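Chemist: Please read through the structure below; I'll follow up with questions.
The values are calculated or read from the model by the stated rules, or taken from the named source; none is laboratory data. None of the values given here were measured: they were computed from a predicted structure. Methodologically, a virtual Cβ is constructed for each residue, glycine included, from the backbone with ideal geometry; neighbour enumeration extends over all protein chains shown.
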Amino acid sequence: MASSLVRKSHPKINHAETEDEITKEEEEESFCYAIQLVSSYALSISLQSAIELGVFEIITREGPGAKLSSSEIAAKIGTKNSEAPMMMDRILRLLASHSVLHCSLVAANEDENGASDF
């Protein structure tokens, strides 16, 4: 028995014959839906990466109310990659934007000369 694939139409993706038939609103809606589909992949990969790297275990070990920076988490993972804190920050920001984690700003420590510790 041969299988066949049939292209199904989705209401949010336009299949108009000519560009004249597509309104600006329909085009924007289709574009937004396409971006949503693409970004859902990024969430999935970021969540998988955080699990595989042990990010949630690192945060849990610090206890409730602990505030860890992306640099601190990257250091606890034990990587030697100098780009790791930046990459970890991107993953954490994406997870926080989807309410998987909570993000808060903490004032930088200042020394007696008023210089900030980053």
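Chemist: Does A34 qualify as being of a type outside the set (S, T, Y) and either surrounded by fewer than 11 Cβ atoms within 10 Å (Cβ to Cβ) or closer than 23 Å to V106 by Cα (or both)?
Modeler: In short, no.
Chemist: Just give me the residues in the range 1-39 being modelled with pLDDT of 85 or more and of a type in the set (G, A, S), in sequence order.
Modeler: Correct list: S30, A34.
Chemist: Any idea how many residues of the range 50-107 are farther than 27 Å from Q36 by Cα, free of Cβ contacts under 8 Å to residues at least 12 places away in the same chain, of a type in the set (G, A, S) and assigned to a helix (DSSP H, G or I)?
Modeler: 1
Chemist: Going by what's in this entry, would A42 be described as surrounded by 14 or more Cβ atoms within 10 Å (Cβ to Cβ), closer than 21 Å to H98 by Cβ, touching a residue at least 40 places away in the same chain (Cβ under 8 Å) and of a type outside the set (F, W, Y)?
Modeler: Here the answer is no, as A42 does not meet what is asked.
Chemist: Please count how many residues of the range 59-79 are more than 16 Å from A107 (Cα to Cα), among the basic types (K, R) and exposed (fewer than 14 other Cβ atoms within 10 Å of the Cβ).
Modeler: 1
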